[in-house]
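Step one of this worksheet: look at the structure below.
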Amino acid sequence: MKCGMRNGERESPKMNLSVSIGKLTLQNPVMVASGTFGYGAEYARLLDLNQLGAVVVKGIRLSPVRGNPTPRTAEVTSGMLNAIGLQGPGVDGFIEKYWSFLKSLRVPAIINIWGTTVEEYAEVARRFGDLGGVGALELNVSCPNIKEGGAQFGTDPKLLARVVAACRKVTTLPLITKLSPNVTSVVPYALVAEAEGSDALSITNSFPAMAIDIESRRPKLANVTGGLTGPCIKPIAIKLVWDARRAVKIPIIGMGGIQCAADAIEFLLAGANAVAIGTANFYEPQTALAVIAGIQDYLKCHDITDIRELTGAVRLS
Amino acid sequence: MVERTAQIISNERDTDAYFRLVLRAPEIARATQPGQFLHLRIPPLREALLRRPFSIFQANGETVSVLYKTIGKGTDALARMGAGEELSAIGPLGHGFTVPARGGETPLLVAGGYGMAAMYLLAERSPQKGMVFVGGRRRVDILCEAEFRKLGWEVRATTEDGSYGEKGMVTQSLLAELKRDSGKRKLFACGPTAMLKAVAKIADEFKVPAEISMDEHMCCGVGVCLTCVIPVKTASGWEYQRTCTEGPVFDSREVMWEVAR
């Protein structure tokens, strides 16, 4: 930050950090991204989850999922590849093992859901709508690492329309559609999601990518290819947010390589209303809290009293 | 489990490519159980973002130490750090070894290379003294033998090239001992997966229990990323479980070895 700040100067009674995603209000715009924060409880000993904007859990489908063979991740320059394969306990296992903890938090839990058919998406959405206490649903139509489901729905506008519409029909929970970056233009997908009743968009998911061990000549992932995340994708993600912002009115949650407040502010200026911390959770679990504090410092330094003023405030001339 | 900035007390070469790192981390030191690990962020690694996991070797009062081998850019960068420098440590992590009970089975420890370090606290805290079988490719791969002897444990070393101890594989000398007497024994092992697999097979043959510590690639270290999974038997088949959370120590009979890499 350009101006010097001392601890304790952050608090300002007039400053508004809260943002809305449909009917859901977040105390601040910083959440943790699906797949990088488990089901919340795992990180509860390392940071105060109640200071976050929201916790977004790892993708859940109807039944348990074993996941892909190992190796499942590989470190690359300024990022990582993963092909976990959405391992998870299924709806019932999730509710049994993790829901009471998430429900006890003062911040909303956003449930990332997926399926292999339109009907399964709708059934999972209905189950979480009926559960009571869920903050919002994030529709994962963009995981690159499973053969059926996920990305196929995020790379065909007609299928995407059916998934969003089917979920919209069965629940009044705010719906967030997590769009795939693996398309020529994100705009038609953003428009379809908005038209079918999505309350917000998450942009972006991981980028299809590959790495090879040159000694063994084998791919570094058992799945051969995986999804690239981390700081190396940030400029591409910012551009996707910028593209979508000019096309739709609904809130956008920007994500892709955020490590610090400056990264998050860039997403807001490009058009995001909120942000999510992903890969950085793995190496610096306190990142989200540092980003919240840094955003407050920035607002104070620039005499901005409402975080919402930053959304799309990039200056083009 | 806590995240703390830990100062390096010392970081010195042990033998060959092996180093001993001692960190000042009182809370971690006090909470450490045998077989647990530390997850370290190595500051000089700017473009390699992920933390690196290391078994805890010793935990004394305010310090914890690890014994590591330089095998890549993470450990190379760590080896260049010196006393007084700081790094971020998360720990102690993972589910460790069951400390033997007084009057229970005699512990037989089986270690390959730096796997030896992961077993030191187990030997130190075991009320029941036992034997250590340690193997390596060459003499320089046999680590911290003196520390185990100081605890009053018998150490049998094996090297593949015969440059130290008996020539051969560590499992051969374990086999010889079990053939002599396999009654009331329990195995504890840490080393390369191939060695662990061989130990599991021996445990099966002699019908002795075995706890094995798996060394897998890790990313988050706290159970969320699902990188470090191994196949573990369940009532209905098998599932992937996390080495960082359900492990690194597993009952060898629970591991689905035919699927494990």
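The values are calculated or read from the model by the stated rules, or taken from the named source; none is laboratory data. Please read these numbers as outputs of a predicted model, since none were measured by experiment. Positions of Cβ are backbone-derived with ideal geometry, glycine not excepted, and every protein chain shown enters the neighbour counts. Keep in mind that these areas ignore ligands, DNA and RNA; they rest on the heavy atoms of the full protein, side chains included. Shrake-Rupley method; radii C 1.70, N 1.55, O 1.52, S 1.80 Å.
What the table below lists for this structure:
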{"quantity": "Amide H contacts under 5 Å for A:Asn112, placed H, 5+ residues apart", "calculated": "A:Val57, A:Ile60, A:Glu138"}
{"quantity": "Threshold 20 Å² - residues in segment B:191-230 whose accessible area is reduced by that much or more when the chain is no longer isolated, probe 1.4 Å", "calculated": "B:Cys219, B:Cys220, B:Val222, B:Val224, B:Cys225, B:Leu226, B:Thr227, B:Val229"}
{"quantity": "For segment A:19-310, average projected area of the Cα convex hull in nm²", "calculated": "14.1"}
{"quantity": "For the protein assembly as shown, share of DSSP beta bridges that run antiparallel, in % to the nearest 5", "calculated": "55"}
{"quantity": "At least 10 Å² accessible surface lost relative to isolated chain, residues of segment B:242-256 (1.4 Å probe)", "calculated": "B:Arg242"}
{"quantity": "Whole-percent carbon and sulfur share, accessible surface of the protein assembly as shown, 1.4 Å", "calculated": "49"}
{"quantity": "10 Å Cβ neighbours from other chains, averaged over peptide B:38-50", "calculated": "4"}
{"quantity": "Alpha-carbon centroid distance for the pair segment A:196-222 / segment B:25-87, whole angstrom", "calculated": "29"}
{"quantity": "Lysine-lysine proximity count for segment B:106-254, Cα under 20 Å, sequence distance 8 or more or distinct chains", "calculated": "17"}
{"quantity": "Surface accessible to a 1.4 Å probe, per residue, for the residues of segment B:106-254, Å²", "calculated": "39"}
{"quantity": "Accessible-area ranking of A:Thr184, B:Thr159, largest first, probe 1.4 Å", "calculated": "A:Thr184, B:Thr159"}
{"quantity": "Per residue convex hull volume, Cα atoms of the protein assembly as shown, in Å³", "calculated": "162"}
{"quantity": "Accessible surface, segment A:67-165, averaged per residue in Å² (probe 1.4 Å)", "calculated": "36"}
{"quantity": "Heavy-atom SASA rank of B:Lys197, B:Lys69, B:Lys186, B:Lys179 (probe 1.4 Å, accessible area, largest first)", "calculated": "B:Lys179, B:Lys197, B:Lys69, B:Lys186"}
{"quantity": "All aspartates and glutamates inside 18 Å of A:Lys158 as judged from Cα atoms, apart from same-chain residues fewer than 8 positions distant", "calculated": "A:Glu119, A:Glu120, A:Glu148, A:Glu194, A:Glu196"}
{"quantity": "Long-range HN-HN contacts of A:Gly312 with modeled amide H, under 5 Å", "calculated": "A:Leu269, A:Ala270, A:Gly271, A:Ala272"}
{"quantity": "Order of exposure, largest accessible area first, which applies to A:Asp306, B:Asp14, A:Asp92 with probe 1.4 Å", "calculated": "A:Asp92, B:Asp14, A:Asp306"}
{"quantity": "Chain B - share of DSSP beta bridges that are antiparallel (%, nearest 5)", "calculated": "60"}
{"quantity": "Chain B: angle of helix B:193-206 to the longest principal axis, Cα-based, in degrees nearest 10", "calculated": "30"}
{"quantity": "Two-site label geometry, A:Glu119 and B:Asp16: point separation in nm, points 7 Å out along Cα→Cβ", "calculated": "6.0"}
{"quantity": "GluC sites (Glu not before Pro) within segment B:134-210, DSSP loop, no more than 14 other Cβ atoms inside 10 Å", "calculated": "B:Glu160"}
{"quantity": "Where B meets A: accessible area buried, both sides, 1.4 Å probe, Å²", "calculated": "2600"}
{"quantity": "Kyte-Doolittle mean at least 0.5 and Cα axial length at least 15 Å: DSSP H helices in chain A", "calculated": "A:157-170, A:287-301"}
{"quantity": "Minimum 40 Å² accessible area buried by the other protein chains, segment A:36-52 residues, probe 1.4 Å, relative to alone", "calculated": "A:Glu42, A:Arg45, A:Leu46"}
{"quantity": "Bridge type composition, segment A:19-310 - antiparallel percent by DSSP, nearest 5", "calculated": "40"}
{"quantity": "Stokes-Einstein D for segment B:2-93, Kirkwood Rh over Cα pairs, 4 °C, 1.567 mPa s (µm²/s)", "calculated": "101"}
